[in-house]
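Worksheet: one structure, shown below.
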Amino acid sequence: MPQQIKIALVTGAGSGIGKAVAIALHQDGWTIVLAGRREKELLETANECNAERTLIVPTDINNSESVKNLFYQTKKSFGRLDLLFNNAGVNIPAKPLEDLTLEEWQLVINTNLTGVFLCTQEAFKIMKHQDPIGGRIINNGSISAHVPRPLAAPYTASKHGVTGLTKAASLEGRAFSIACGQID
């Protein structure tokens with residue numbers, strides 16, 4: 001029986017941890033879907049990988065239609081998804097809670113928590129119905145979910161939320177061989 005191609009999707013793949021993880025997975029033999037807002041940076045990541053084993057899908061994880069397109073393109077191209085690394089995230093400069101604007105709060109919560117939710121939701125839709133069923137979801141959390149920093153309320157709240165979402169997804173995915181964990 002031929003070995004099945006392993007498909008991984010990495011958000012925030014254009015820089016930092018996301019880029020490093022995408023390259024490491026590629027070097028380990030995975031086919032990689034590179035997602036992020038900046039296409040130029042995604043192309044740079046892809047250049048460090050084999051073009052035949054990468055798919056670039058510029059994506060704004062704050063936009064549900066953009067996320068749906070990301071997972072549609074993944075399924076259309078490869079027929080399955082074996083690993084989702086929810087990595088994309090943002091922060092704002094440190095400032096007192098009372099000085100935060102609603103826009104600053106929403107930017108961090110929408111990116112760091114709602115974006116993870118949207119991607120996890122779409123991954124479940126694929127992983128529950130592929131053959132064989134199941135897959136792995138890894139959420140990039142933060143030590144801030146355990147030891148908050150001062151002047152970082154939105155980031156801390158978002159990462160606490162990611163921890164709760166990770167635990168909930170882990171429980172819901174169990175019956176479908178979907179494992180969900182978090183790296184802090």
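Summary of computed values
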| read-out | value |
| --- | --- |
| Of the criteria (1) at pLDDT below 95; (2) touching a helix residue (DSSP H, G or I) at 6+ places or on another chain (Cβ under 9 Å), which one Ala51 fails | (2) |
| Odd one out for Cys49, checked against (1) open to solvent by 60 Å² or more (accessible area, probe 1.4 Å); (2) in contact (Cβ under 8 Å) with a residue 24 or more places away in the chain | (1) |
| Enumeration of residues in segment 5-27 that are hydrophobic (A, V, I, L, M, F, W, C), more than 20 Å from Arg37 (Cα to Cα) and open to solvent by 20 Å² or more (accessible area, probe 1.4 Å) | Ile5, Ala24, Leu25 |
| Extreme residue, nearest to the chain's Cα centre (by Cα), among residues of segment 72-120 that are charged (D, E, K, R) and open to solvent by less than 60 Å² (accessible area, probe 1.4 Å) | Asp82 |
| Those residues of segment 130-150 which are open to solvent by 80 Å² or more (accessible area, probe 1.4 Å) and either small (Gly, Ala, Ser) or part of a strand (DSSP E or B) (or both), in sequence order | Arg136 |
| Exclusive hit being of a type in the set (A, V, I, L, M, F, W, C), touching a helix residue (DSSP H, G or I) at 6+ places or on another chain (Cβ under 8 Å) and closer than 18 Å to Ile126 by Cα, set Ile56, Ile61, Ile23, Ile92 | Ile61 |
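The values are calculated or read from the model by the stated rules, or taken from the named source; none is laboratory data. All values reported here derive from a predicted model rather than from experimental measurement. Because the Cβ atoms are built from the backbone with ideal geometry, glycine has one as well, and the counts that use them run over all protein chains shown. For accessibility, only protein heavy atoms count, side chains too; no ligands or nucleic acids. Shrake-Rupley method; radii C 1.70, N 1.55, O 1.52, S 1.80 Å.
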